[in-house]
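The values are calculated or read from the model by the stated rules, or taken from the named source; none is laboratory data. This one's a predicted model, so the numbers in the text were calculated from it and none came from an experiment. Counting neighbours? That spans all protein chains shown, and the Cβs are built from the backbone with ideal geometry, glycine included. What goes into the accessible areas is simple: the full protein's heavy atoms, side chains included, and nothing from ligands, DNA or RNA. Shrake-Rupley method; radii C 1.70, N 1.55, O 1.52, S 1.80 Å.
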Amino acid sequence: MDAEDIELSDDEEEITAESVLKTLQNAWQNERLAPEILPHHNDMVECMLGQIQHMERNINKLPKTDLRSCIHKMELNRIKYIICNYLKTRLGKIEKYCIAIVNEEKQRIEAGTNYLTPSEFRYAQEYITNMESHLKNTILNHVPGNMQSFELNKMAIYPNFYCHVFLKANETINGIILEDLLGDQDEEIDIEEDSQHILQYKPIADLVKNGKVQLV
Amino acid sequence: MFGEKVIELLKEAERNSDTIDLYNDEKIRQIIQEMHILFKMNMDDANATTENKSLWTTVQVRHSALERNKRCLLAYLYNRMNKIKTLRWEFGSVLPPDVRELLSDSEYEWFSKYSTNLASYMRSLGEDIGYSGIDLTENLRPPKSLYIEVLCVTDYGKLELEDGDVIMLKKNSRHYLPTEECQTLIRQGVLKQII
């Protein structure tokens, strides 16, 4: 995707549409590859949506047979797909890990470091309520007395932090501690800028969130 | 043996892992009944044997059977919920009647609630910048080309395109249309993509 494709849209802003798109693409890639939900990039999404609107208006000004309009439309469709798929991936994770996410998110909201947007959080809570009432109506209210409880903790699914991911370092990072689960000999490694590795997700989770590494 | 019915139920559901089966009301009723019987037996034995511990093992085995039944029933429902979710993404908020019949009343209620919740989330997207929301159920697949060739399967009638052109969709007619605008019609089965 080169700068030319979006030149219609960026005129006076400091952050170019290109860099927003790049950030969004990285966020999308990370979100698809990471096992857990990552902090949201709502500002980027909104910024891009604004750009799309702007570009659509510009395209409509062009005559329909213009080749440029076709190319720009295609470009727009791709960007829209990225945004939709990004949001959808997040929704998928929210639904799957809803109980775990809502519990953790409540603490994070207090600390002001929320991962979900307000509407995503509302969605997750509503989702749990719906699930609970459905299970209660169908099964739980009909089984014998001591079995009726809806045990949130037993229903919760947790993301697998111990899975391995491919990653690329955006900058040199020293002293990543890899835990040795069986013994107690932890290993410490350094990774160089632009080098690629296969590592367990858990030790690098924070690095993904602050953008020091990129999942590939 | 305890818990046999519930395994039948799960096996049945697993056989068609891609599609959704008819909600097995009868079997679930039987399983719940089995649970009630087990529970009753347990209560009787537990009350009778407060001083005599010889029946405790029996009670415990029955209790595990109860726990297992509950767990399997919930798993059955949970699995179906996931399938119903895919239905929402494929068909939109209105289910075709033949699919609707496969769901129990409570499941259908859950479907409507899920649908409403999803819709209100999608409406909230981009609200701050004056957007009226994005439909995430569009753009399910990466866009390959701007226009695709489609075959019309039914007599649909007039379709107005975004740019104001009106085309007539007649049975067995072929068209070359913008991908975005025919996605919904393809999913509804009005159009078919020619590859």
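Things worth noting here:
- Heavy-atom accessible area order for A:129, A:117, largest first, 1.4 Å probe: A:129, A:117
- Only protein atoms count toward the accessible area here, which uses a 1.4 Å probe; on the range B:4-124, the carbon and sulfur part of that area reaches 54 percent.
- Centre separation in Å (Cα based) which lies between the range A:122-158 and the range B:53-90: 12 Å
- For the range A:99-155, taking Cα atoms only, Rg and Dmax work out to 14.1, 43 Å respectively.
- Gyration tensor over alpha-carbon atoms, chain A, equivalent ellipsoid semi-axes in Å: 38, 28, 14
- Counting lysine pairs in chain B whose alpha carbons fall under 13 angstrom apart, excluding pairs fewer than 8 residues apart on the same chain, gives 8.
- Coordinate range along principal axes, alpha carbons of the protein assembly as shown, Å, largest first: 90, 66, 37
- Other-chain or far-sequence residues with amide H under 5 Å of residue A:178's (modelled H): A:187, A:188, A:189
- Charge dipole (debye, nearest 20) of the range A:164-215; +1 at Cβ of Lys and Arg, -1 at Cβ of Asp and Glu: 380 debye
- The smallest convex shape that holds all Cα atoms of the range B:56-180, its convex hull, gives 191 Å³ per residue.
- Close amide-amide hydrogen proximity is noted between residue B:148 and B:177, B:179, each under 5 Å apart and 5 or more residues distant or on a separate chain (H modeled in the peptide plane; Pro and chain starts excluded).
- Pairs of lysines in the range A:3-95 (C-alpha under 17 Å apart; 8 or more residues apart or interchain): 4
- Kirkwood-based Rg to Rh ratio, the range A:164-215, C-alpha trace: 0.96
- Accessible area per residue for the range B:4-124 is 57 Å², calculated with a 1.4 Å probe on protein heavy atoms, without ligands, DNA or RNA.
- Average accessible area per residue (Å²) across chain A - probe 1.4 Å, nucleic acids and ligands excluded: 53 Å²
- At q = 0.12, 0.16, 0.26 Å⁻¹ the log10 of I(q)/I(0) for the range A:3-95 amounts to -0.41, -0.67, -1.35, computed by Debye summation with a single uniform scatterer per C-alpha, solvent ignored.
- Taking the average, over residues, of other Cβ atoms within 10 Å as the packing measure, peptides A:200-206, A:63-69, A:155-161, A:88-94 rank A:88-94, A:200-206, A:155-161, A:63-69 from highest down.
- In this assembly, the A-B interface accounts for approximately 4400 Å² of buried accessible surface in total, computed with a 1.4 Å probe and without ligands, DNA or RNA.
- Mean partner shielding of peptide A:48-54, defined as the number of other chain Cβ atoms within 10 Å of each residue Cβ, is 3.
- Average beta carbon contacts from partner chains per residue of B:2-12, 10 Å cutoff: 0
- Over the residues of chain B, the helix contribution to mean residue ellipticity at 222 nm works out to -18500 deg cm²/dmol, using -39500 (n - 2.57) for each DSSP H run of at least 4.
- Accessible area of the range A:99-155 belonging to carbon and sulfur atoms, whole % at 1.4 Å probe: 47 percent
- Scoring B:134-146, B:176-188 by mean Cβ neighbours within 10 Å over their residues and listing the highest first yields B:176-188, B:134-146.
- Shielding by partners for peptide A:80-91, expressed as the average number of C-beta atoms from other protein chains within 10 Å of each residue's C-beta, is 4.
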